[in-house]
10 protein chains.
Amino acid sequence: MIPIMSKSEAAAHVESARIRQGRTWAELAEHLGTPLVWTTAALLGQHPMSTEQARSVCDLLELGDDVAEGLALQPGRGTPAEVMADPTIYRFTEALSVYGPALKALIHEEFGDGIMSAINFQVDIARRPDPDGDRVVITLDGKFLDYRW
Amino acid sequence: MIPIMSKSEAAAHVESARIRQGRTWAELAEHLGTPLVWTTAALLGQHPMSTEQARSVCDLLELGDDVAEGLALQPGRGTPAEVMADPTIYRFTEALSVYGPALKALIHEEFGDGIMSAINFQVDIARRPDPDGDRVVITLDGKFLDYRW
Amino acid sequence: MIPIMSKSEAAAHVESARIRQGRTWAELAEHLGTPLVWTTAALLGQHPMSTEQARSVCDLLELGDDVAEGLALQPGRGTPAEVMADPTIYRFTEALSVYGPALKALIHEEFGDGIMSAINFQVDIARRPDPDGDRVVITLDGKFLDYRW
Amino acid sequence: MIPIMSKSEAAAHVESARIRQGRTWAELAEHLGTPLVWTTAALLGQHPMSTEQARSVCDLLELGDDVAEGLALQPGRGTPAEVMADPTIYRFTEALSVYGPALKALIHEEFGDGIMSAINFQVDIARRPDPDGDRVVITLDGKFLDYRW
Amino acid sequence: MIPIMSKSEAAAHVESARIRQGRTWAELAEHLGTPLVWTTAALLGQHPMSTEQARSVCDLLELGDDVAEGLALQPGRGTPAEVMADPTIYRFTEALSVYGPALKALIHEEFGDGIMSAINFQVDIARRPDPDGDRVVITLDGKFLDYRW
Amino acid sequence: MIPIMSKSEAAAHVESARIRQGRTWAELAEHLGTPLVWTTAALLGQHPMSTEQARSVCDLLELGDDVAEGLALQPGRGTPAEVMADPTIYRFTEALSVYGPALKALIHEEFGDGIMSAINFQVDIARRPDPDGDRVVITLDGKFLDYRW
Amino acid sequence: MIPIMSKSEAAAHVESARIRQGRTWAELAEHLGTPLVWTTAALLGQHPMSTEQARSVCDLLELGDDVAEGLALQPGRGTPAEVMADPTIYRFTEALSVYGPALKALIHEEFGDGIMSAINFQVDIARRPDPDGDRVVITLDGKFLDYRW
Amino acid sequence: MIPIMSKSEAAAHVESARIRQGRTWAELAEHLGTPLVWTTAALLGQHPMSTEQARSVCDLLELGDDVAEGLALQPGRGTPAEVMADPTIYRFTEALSVYGPALKALIHEEFGDGIMSAINFQVDIARRPDPDGDRVVITLDGKFLDYRW
Amino acid sequence: MIPIMSKSEAAAHVESARIRQGRTWAELAEHLGTPLVWTTAALLGQHPMSTEQARSVCDLLELGDDVAEGLALQPGRGTPAEVMADPTIYRFTEALSVYGPALKALIHEEFGDGIMSAINFQVDIARRPDPDGDRVVITLDGKFLDYRW
Amino acid sequence: MIPIMSKSEAAAHVESARIRQGRTWAELAEHLGTPLVWTTAALLGQHPMSTEQARSVCDLLELGDDVAEGLALQPGRGTPAEVMADPTIYRFTEALSVYGPALKALIHEEFGDGIMSAINFQVDIARRPDPDGDRVVITLDGKFLDYRW
């Protein structure tokens, strides 16, 4: 029996096909009708896709059923430490290291004892033109969950 | 000679006085006329304050010159790993672990090879009412910097 | 100005007074009318208490207002790695290391893609008599949260 | 001579066949007549199966003798740190970090100096309907072992 | 209120008094009528003593009630990594690193799937004369616990 | 030229053949006339075997000269941390963490400043019947080496 | 579909061809008309090359389109810890460990609160003849970025 | 006897006095007639000062003989990891992680097998005006040492 | 009762007195009639001294009985990682990282399967004049111990 | 194009051929006319060989040009932590942990502020007969380098 293609192997096939065909992540998101960051994260292996979504993106990229099968798997989420050290990703970690305790204090002040959910959660990214140089604007939007016994 | 009060000792004095007087971080930010997250981070020891800002917040909280002196110091920025493990802060780390590679890919697609600055950078936090439970909305806004030799 | 007593200092005072007076955690929980595990965790510094709760437990244990003030603080939650290595605590970590992936698979099978909340969450502990030796029964009860964009 | 298939290779074959055939973990447990969490953990490689159990599950999933041979092996138990960082699994680790010292204190209070065994131990998982959202209920049930010289 | 003396502070007082009075660990064990390794470990802070045992050893060493109170506390067990690196202790770690997998294999072969308990467990140390140089003989004696659901 | 089979590859071949033929470690030790724990450790790759020993065990298990060649190699000794975390092995580590400092103190008291050798060293394992459940008895027997300049 | 060659595989092909043909990094930089350190870093996989640059260097080294495709990829930047431990690289790390806090203090004194960019940044290396032995001179040249909200 | 003030305590006294008196590192370097980066590093505790240098800087800053005594001590060099994580210092670490292997390759190409000494070594920092924003220019200048047996 | 001065406190007193009196380690070794490296290591807290040795060195340095008591204690041997990172010490670690496997291979070739003892072991250091710059010559001299069951 | 054989692959081929032919490291060193420890380290992958040396040793061992090509490569030096944990290598690390600070103190006393070079450095190993058991004598001989700005 042929083993199911792993999530990360499927993601690698998507990435190769996407680059060869010159398609952007935005085009893939538009094709699927799903949000941009969600789509990119899912195709990088961080979310399961429905069978239909997996099938649809593989049709577009001319990839086989084995890739679609892999995209539909439930992932083990997370990113290895050496990838997190990439400078583009590290800036987020650094910002958290500087502003994390302040965000905790302000969540407690405004909402009470609890957290911003990372599950009932969405992320968006946008370009904001600025004469001093355009800016990356990232919005984290998560449900407040209070400690509730 | 009496050593200068360290940044973290000054921050502890601010925190004690703030709680005893029942003042919010928002009131301190309003008093200073500075952004909410910046003010909270600065008073937790992550940014230097100008002498006037430090003096003003100490007057409000009835703290001495030694505390103001500490608040004006240049900080060593960052947060220890055990504090980052607090559940309210950890959710940000987890979100980065899930969405970090996607954000990297989308920054490169939209802006080219580079990063979102964590220095020319601002953070805002807001409450967004929602019938399913109010939401925490955090906006990261940083200048795009391209790799430029 | 006298700095506010830290959460962990207040917890140490509670522990000393509790032992000296020969009171059990169960008695403190009954006195407060709060669940057993929650009460113990809160008095060990992992949850904020309301001012009334903090006042009430300090009255019982003949502790001052400074301790009550500390108990009411918002905590930085979590336990250092060296404490987690204690044999009584380590058994939980080991059980997770053996059964964690199975629990993940069964949550996904029964509920779909998501998690058991550790915030909307409660824990109970009980003794179950058994002729082969009594058993510790611990119940973890958390709301299912699905990944929802 | 053909080397014996490793425990983890056998587990991967079970997982692929299970998904292809659309069978749930619950069906496999029912087929074997063994508890749900035990069965899932064993098929993920954390417990040895008897030769009969291994043969039976391989018949159901149309897998060969080499897979059954692997399932019957004595495992090296445990889960790598990067898998434990998956959000669904991490919530258990976080709960332990918050409630571990309280559970230790209550075991000592109720049972005396000792531990809850992670060997003479069973785990169950159930869904508890709740109008605010259904709940995951996990029961850890282990024999108390007192420090006995 | 005076906080209870911690386990490690009490152990430090015992050690100082023991050295000043020139008493051996063997004498303390004999005085208490308890096993040698257990007594040494307990007085180094790894086991709780009964109130009578704690009182008795403090009488012998002319130490106060506060020390006895500390010796009777329930400990957080374990030894920091830097202490484990001491050459005399490290040899045990090295021996485990070389023979640990063999001992695991032989326990499974002789007893079945399970462990040697470290709780229902005792240790003894003895000198065995040998013309090539006397030998340290350490006996680990723990109950076999089989994985039992 | 065909590279020499590595120590760990040779060990894997021994393990596969041993299980397929249904032989115990005890039988292999008896066949070789070598101690039980030494034989098991050596065949798991922690000791070099003489050419005759390697040849003899390969004859018994119907393995080729390439495996014998690997068994005769000088090993790099030690066990990876993830294997040491297996519950059956971890109990030894935990016992050391609890009793290591006591053993160090007693070695110094009985023998003077020095160590128990882990090189001039042997280990034995035995079953001791006990009405409360049979016990694993492990004996560590090493030459005392005093710090000698 | 053939997967795209990874950045590190492409770098390995460049390295092999470069050595076989006896070409220096300086020759490759001259061929491309790009700075020496940038070129070397890019060909070791730390920067994306334009399609033209990648094509040009592959023509020179007689490498195929698949290598050029890999060289043009956006990299995940950074170097594993074990490579950073090489003595030639470690000296830079050691120098930073000795002089890092001084450089931070002097940047703040001369420029104010901010950093030297590692993105708008260039590095040069040169040989400076010296009668006591020639010297390696490395120049780090980065734009000052002030903390700006 | 009064213990000698440690290197880091002496550095803290220098820092306090320097800030209170409003003196720059550049002024201290000029007063001593020593290079800027060397002086700053030495006064932060990374180099021993001669008795005359230590005395001279303490006279200027009105500090006592105990501080001078500490400044003259031989240091244990290096900076803790949490300080190295400060954003201003981290940029150097990141640059090394990106360019370290390229610098190693170019040192070997230009000089042969060896290193740039971090002992026979000097560092300079300068401001270079630039219409796009002034630049920090850091020069590392170390003797080449070839591997020589 | 006054606790016994710890080994490291006693070492700090010796160091302070030694510097104040301008005495070298070599003078202390000569005074005691003990080898240079052994004496230095012992006075830095890595070996116990006899009561006579401890008394003698404290007489010379005009230190009290409490210091002598500390010097006579059995040490916990070893050096923290941050001290090992000092450049003067790190060079030894680096040399081991480069030559360690070669030394292992040569010990096995010349002596058979075993180790160089670090207990029956001595170290010497000497200056060897050389026209190209004097050399540090360190001799490690340890008894060979063969793996002997 | 065939990629160049890596340094470690070449080393593995040398090791296999050396064992098959029954040659010692000493014979290889004699054949090359190079020092024993240098030769062993180089053939284990820690030093580049000249093309002639690489060719010569491959002729002796009947290995091809691809192996010689690998032996001539510039290495990334160092040894992974798991190899350093081998008991024969670990004894050196332990000795450094005990004597490292003493050697640092004595280098500073005898030579001034500086280090023993690990680059202008040689190592020798010898057997010294001794009635109590032969001894391993290792000599580290490195040029003193003073901190020189």
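The values are calculated or read from the model by the stated rules, or taken from the named source; none is laboratory data. The structure presented is a predicted model; accordingly, all values stated were derived computationally and were not measured. Cβ: placed from backbone, ideal geometry, glycine included. Neighbour counts: every protein chain shown.
Annotations
- Residue pairs whose Cβ atoms lie under 6 Å apart, separated by 6 or more positions or on different chains, with the first residue in region G:123-143 and at the interface with chain H (Cβ under 7 Å from one of its Cβ atoms) and the second in a loop (DSSP other than H, G, I, E, B) and at pLDDT 95 or above, are G:ARG127/G:ASP134; G:LYS143/H:GLY133.
- Which numbered condition H:GLU109 fails, given (1) surrounded by 19 or more Cβ atoms within 10 Å (Cβ to Cβ); (2) assigned by the TED database to the domain that holds H:GLY142: (1)
- The number of residues in region A:33-54 being small (Gly, Ala, Ser) and in contact with a Ser or Thr (Cβ under 8 Å, 6 or more places away or on another chain) comes to 2.
- For H:SER117, the conditions (1) more than 12 Å from chain G (Cβ to nearest Cβ); (2) of a type in the set (Ser, Thr, Tyr); (3) crowded, with 21+ Cβ neighbours inside 10 Å all hold with the exception of (1).
- Checking A:THR93, A:THR88 one by one, the residue that is surrounded by fewer than 22 Cβ atoms within 10 Å (Cβ to Cβ) and of a type in the set (Ser, Thr, Tyr) is A:THR93 and no other.
- Test: residue in region E:20-35 that is within 30 Å of C:ASP66 (Cβ to Cβ), within 7 Å of another protein chain (Cβ to nearest Cβ) and surrounded by fewer than 20 Cβ atoms within 10 Å (Cβ to Cβ): no
- Residue check, B:GLY76 in contact (Cβ under 8 Å) with a residue 12 or more places away in the chain, closer than 28 Å to H:VAL83 by Cα and either among the hydroxyl-bearing types (Ser, Thr, Tyr) or surrounded by fewer than 21 Cβ atoms within 10 Å (Cβ to Cβ) (or both): yes
- The number of residues in region G:36-64 that are surrounded by 14 or more Cβ atoms within 10 Å (Cβ to Cβ), over 20 Å from A:ASP86 (Cβ atoms) and without any contact (Cβ under 8 Å) to a residue 60 or more places away in the chain comes to 10.
- In region I:95-103, the count of residues that are over 23 Å from E:MET84 (Cβ atoms) and not aliphatic (A, V, I, L, M) is one or more.
- Residue check, F:GLY64 away from chain E (no Cβ under 14 Å) and under 29 Å from D:ALA68 (Cβ atoms): yes
- Only a single criterion out of (1) out of contact with any Lys or Arg (no Cβ under 9 Å at 6 or more places or on another chain); (2) within 23 Å of A:ALA118 (Cα to Cα); (3) free of Cβ contacts under 8 Å to residues at least 60 places away in the same chain is not satisfied by A:ARG18, namely (2).
- Note on region B:92-146: residues that are of a type in the set (S, T, N, Q) and assigned to a strand (DSSP E or B) amount to 4.
- Unmet criterion (only one of (1) assigned by the TED database to the domain that holds D:ARG127; (2) over 17 Å from the mean Cα position of the chain (by Cα)) for D:ARG91: (2)
- Matching residues, region A:29-54, being under 15 Å from the mean Cα position of the chain (by Cα) and of a type in the set (Val, Ile, Thr): A:THR34, A:VAL37, A:THR39, A:THR40
Residue-wise test of (1) touching a strand residue (DSSP E or B) at 6+ places or on another chain (Cβ under 7 Å); (2) closer than 22 Å to G:ALA29 by Cα; (3) among the hydrophobic types (A, V, I, L, M, F, W, C).
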{"site": "H:GLY78", "(1), (2), (3)": "no, no, no"}
{"site": "H:LEU106", "(1), (2), (3)": "yes, yes, yes"}
{"site": "H:ASN120", "(1), (2), (3)": "yes, no, no"}
{"site": "H:ILE125", "(1), (2), (3)": "yes, no, yes"}
{"site": "H:ARG128", "(1), (2), (3)": "yes, no, no"}
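- Checking each residue in region B:68-109 for being more than 7 Å from chain A (Cβ to nearest Cβ) and over 30 Å from B:LEU32 (Cα atoms) picks out B:ALA81, B:GLU82, B:ALA85, B:HIS108.
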